[in-house]
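Below is one structure, written out as structure tokens; comments come after it.
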Amino acid sequence: MRRLRAGGLALLLAAGIALVVLPGPAPTLAAQDTISAGGSGGSAVTVHGRFDGEEDFTSLAVTVSQTRDLTNQAIEVTWTGGVPSPRTRALGIDYLQIMQCWGDPADALAFRETCQFGMNIGSPFTGRSGTTSQAANSRSLTAGLADYPLRDGAEVLPPANEPDKPGTLQPDAKMIPFRTVQGVRFRDGSAVRPFRMIENPAVEGQFIQETDVDVLRESFAEASTNEIPWALTSADGTGRAIFELQDAGRAPDLGCGAPKVERAGQLVDGPKCSLVIVPRGHLNPYDGTPVDPALEAVHGSPFLPANWVNRIVVPLEFRPVTGLCPLNQAERRTAGTEMVAEAVTAWQPGVCANQGPVIGYSAIGDAEASRQVLLTGVGAPGMVFTADPVRPGPGQPPVVHAPATLSGMEIAINIDANIVDPSQASGQVPPDVLARTGTALNDIKLTPRLIAKLLTQSYRRDAKDTEKLATANFDNIREDPEFLTINPIFEWWDRTRSATLDGLVVSLGNSAGSRQVWQWLLSDAEAKAFLAGTPDEHGMTVNPNYRNVANAALDTFPKADGKCTEAIWDNVIYPHCTQNMRPYMGSLSEAALQTLRADPKGRQPTFNFNLLPPNYDPIPRKPPGARMAMSITDSASAARYGLYSAQLCKPKRENKVLVGTVECRTPDDDGLLAAAALAKNSDVSGVKVIDAATAWTKSKTAYPLAMINYAVGNLLEAPDARKDYATLLRQIAGDGQQPGLARGQLPEGYVPLPQAMRAQTMRAADLLERGAPPTSPPATPPPPPAAVPTAGALPSIAPVAPSPTAPVVRAADITPGGPLGMFGNLMLIILIVGLAGGIVGPILKRIGAGRS
């Protein structure tokens, strides 16, 4: 299970944070139940619901895993004491709604205007018996509310001289308006702030009135909002939701983490943001009468006063988006594998504290990082991060390697149990299975061959060139007997065709992590045979476009299915290719984020002439309770967004028939450390690499996709630069290996390095600070600091170069193994060259310091 660190009550009390439930007196945190789950700088709080409206929610206890030191990330919201959400009818009663808001909770009705919510995200249960809650996923005051006396004092009408005062509404308002942190109050559809007329995309020259969703799209949209309108409670009264927090960089109209914002032409202090949970029950919120639990529903926006009165408000404290390091100080540039991004982000504030150096960082591929650290021009990074040993050639500067992180690649999952209605099933759904409906699954198992099928677009749902697929190829992974045998809950899955995976999400670019995945797949006999064209026992074969594409040096995830279809509109040709349907993500972090959102960002082959501008219909984002998404990402990015990891398993067969799995592995601490203990020496002294096949065969627990990433420093950098990079290495080997959320510590998703590796990094820091020796490296290493153990391999150092000038090397010789040229996608080649080549120069970003 993914661990979301939480922290101490004392930190919250010291900050004076209160847990607020309004209206009514705002209780302080001390008056609420609290929990502490460890982790310096982290925080968790638990608060009970209340009985301020018509329904009693006092038995509901909601725990928020982290409330301080927040950024763009996920937090875990769990609860006990809830009423189970219905399993055999449309979702209309007994669920929670979660949102992020920026306003002052003390001004209750004005506060609701500051919440990012209202994009009409669909309910996870539709098309069954009963009624779905109407307008519960919106800000509408007009939809589905015939049963409620909304205009009998339910809303606060404005004074005659203040027609647009926040928190008040015109009698003819159609929605609760959204108000930005800059003070812009959106249209509410009233005569004072009417909806606009917009062009009807279906009828040329015709104009129609915009909707509440059209208005909100000026600030946030279906693909970007973090609202959860439907959070389900299990049969035992518990529930869990992973909520995506957004700082001012991702949600500027919320402004969370911004020290200052501009409002009415003046700079004012940034907002104090909150997480708001609105429980929805099974009583009419205006008169307390129960609804029919089989057929009726509780309707209305959570912002209606009768619903809003039940809200739970949890204050949040964000890191400043301007960063924790000084902005007026020159930075030392680093670059390298994205697998260290979360760690470097956390280390940067620790390095710059007490007038220390400011470290910049930019994510690039391992091969490009190895090239750039050997450059000597202005703007070249003096230190890079990579899992691959760097081998300077003749005339190139010597380097030193220092262990930096231990983490892994993984298949991150976001899958809710989407169980079929028993009335639609061929047999009665077992009660224990039905009870899991809508809950997140953390026990999904995958074999190497299943992953190979996903990576090669061999399921019909993922392929464009379906004519070339064998007739035995299954439509999707949910129908594959191999997947069903090891994940039996899918025998009871929703039967609709869309209730499955929309491809395995992967990121663009070359990396040692991608190569590690391919090497593990090729080390498995069944996966290797499948990739070479051998059918599985059911006759399913690899997509012919991928046959024999995989090899041990492949360090990308190619999209080799090159077929495109076209649509023509207004004499313009619109192609629909693999990368329209199953697009790349820009990074491992984005892959994890879109998995959390259950949005692969793909487009269906149906061309919609009614869109403005016309385009292919987007694949809908799956709502909570019906999500099924997977991605290949790194363990740190998965941890940031609260994702579970699929178990990597080898199949168990009896008489050649699959009966289950053996030796399942996950990237937990034990699995990563066991793999590191089996790391092999490379041809560069002091640099060890983890071999996926060895990790699997030599241990019962070692995780095969574990990776040791090294900081590699250029020993011919200027003395002051080497001193600064040495300071970074000492941070890495010291506080940087202490798990926690405080500045300079090791974030979730990494395992602290063994003591021997930390000692090696400390010695490398000393060597880097002294610089390249005038001749060959010394026969004996410098003594390590007294506080650090002396065990471990010596730092690597290459021979002293006769000249610091780097030779000119052809780009094709630098980054081998990329499949993009192989398949002739010129635009992607241009993109990759631009991404890689643009790193050396002024666009390096200071992630952890908050400036980009």
Discussion item. Amide H of residue 641 versus every other amide H placed in the peptide plane: which residues, excluding those fewer than 5 positions away on the same chain, fall under 5 Å?
Written reply: 74
Practice prompt. Hey, can you grab everything whose amide H is under 5 Å from the amide H of residue 703? Only 5+ residues off in sequence or another chain; H modelled, so Pro and N-termini drop out.
Written response: 672, 674, 675
Item to complete: Starting from the Cα gyration tensor of region 410-665, take the square roots of the eigenvalues, sort them a ≥ b ≥ c, and report rounded, prolate or oblate (rounded when a/c is under 1.5, otherwise prolate if a/b is larger than b/c, else oblate).
Response: rounded
Discussion item. Show me, for region 405-413, the HN-Hα J-couplings you get by feeding each phi into the Karplus relation (A = 6.51, B = -1.76, C = 1.60, θ = phi - 60°), rounded to Hz, glycine and proline as x.
Written reply: 9, 10, 8, x, 7, 7, 9, 7, 10
Worksheet item: Where does each of 376-385, 592-601, 475-484 land if you order them by average Cβ count within 10 Å, highest first?
Response: 592-601, 376-385, 475-484
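Please rank 570, 668, fewest neighbouring Cβ atoms within 10 Å first, as an exposure proxy.
Details: 570 8, 668 18.
With the sparsest Cβ surroundings first, the list reads 570, 668.
With only Lys, Arg, Asp and Glu charged, each at its Cβ (+1 for the first two, -1 for the last two), find how big the charge dipole of region 230-292 is about the Cα centre; round to the nearest 20 debye.
On the way: 6 positive and 8 negative charges, 44 e Å.
For this selection, approximately 220 debye.
What relative contact order, as a whole-number percentage, does region 410-665 give when Cα pairs under 8 Å and 6 or more residues apart are counted? Before the final figure, lay out the partial values.
Working: 494 pairs, mean separation 73.7, N = 256.
In percent, rounded to a whole number, it is 29.
Once you order the gyration tensor axes a ≥ b ≥ c over the Cα atoms, which shape class does region 186-281 get: rounded for a/c under 1.5, otherwise prolate or oblate by comparing a/b with b/c?
Details: a/c = 2.35, a/b = 1.22, b/c = 1.92.
Because a/c hits 1.5 or more and a/b fails to exceed b/c, region 186-281 counts as oblate.
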Item to complete: May I ask you to sort 342, 317 by Cβ crowding, counting other Cβ atoms within 10 Å and putting the fewest first?
Response: 317, 342
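Please order 576, 299 by the number of other Cβ within 10 Å, starting at the fewest.
576, 299
What size of dipole, in debye to the nearest 20, comes out for region 410-665 about its Cα centre when the only charges are +1 on Lys and Arg C-beta atoms and -1 on Asp and Glu C-beta atoms? Mind showing how you got there, number by number?
Numbers: 29 positive and 29 negative charges, 55 e Å.
Charge dipole, region 410-665, about its Cα centre: 260 debye, nearest 20.
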Worksheet, complete the sentence: Sequence order, region 299-316: Karplus ³J(HN,Hα) from phi using 6.51 cos²θ - 1.76 cosθ + 1.60, θ = phi - 60°, Hz rounded, Gly and Pro as x, gives 9, x, 4, x, 8, 4, x, 5, 8, 5, 5, 8, 5, 10, 10, 10, x, 10
Practice prompt. Would you mind checking the radius of gyration and Dmax of region 628-721 based on alpha-carbon positions, in Å?
Written response: 17.7, 67
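Students often get this wrong, so check it: of 650/698; 528/698; 464/650; 445/688, which have C-alpha atoms separated by over 23 Å?
Check vs 23 Å cut-off fails for 464/650; 445/688.
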Fill in: Karplus 3J(HN,Hα) series, Hz, for region 319-327 with 6.51 cos²θ - 1.76 cosθ + 1.60 (x for Gly, Pro)
5, x, 5, 7, x, 9, 10, x, 8
Worksheet entry | Cβ-based net charge around residue 726, under 14 Å, with every Lys or Arg adding one and every Asp or Glu removing one | +1
Worksheet item: Taking amide H positions as placed 1.01 Å from N in the peptide plane, with prolines and chain starts having none, which residues 5 or more places from residue 408, or on another chain, fall under 5 Å of its amide H?
Response: 635, 636, 707
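None of the figures in this text is laboratory data; all of them are computed from the coordinates on show. Please read all numbers here as calculations on a predicted model, not as lab measurements. All Cβ positions, even for glycine, are placed from backbone atoms using ideal geometry, and neighbour counts span all protein chains on display.
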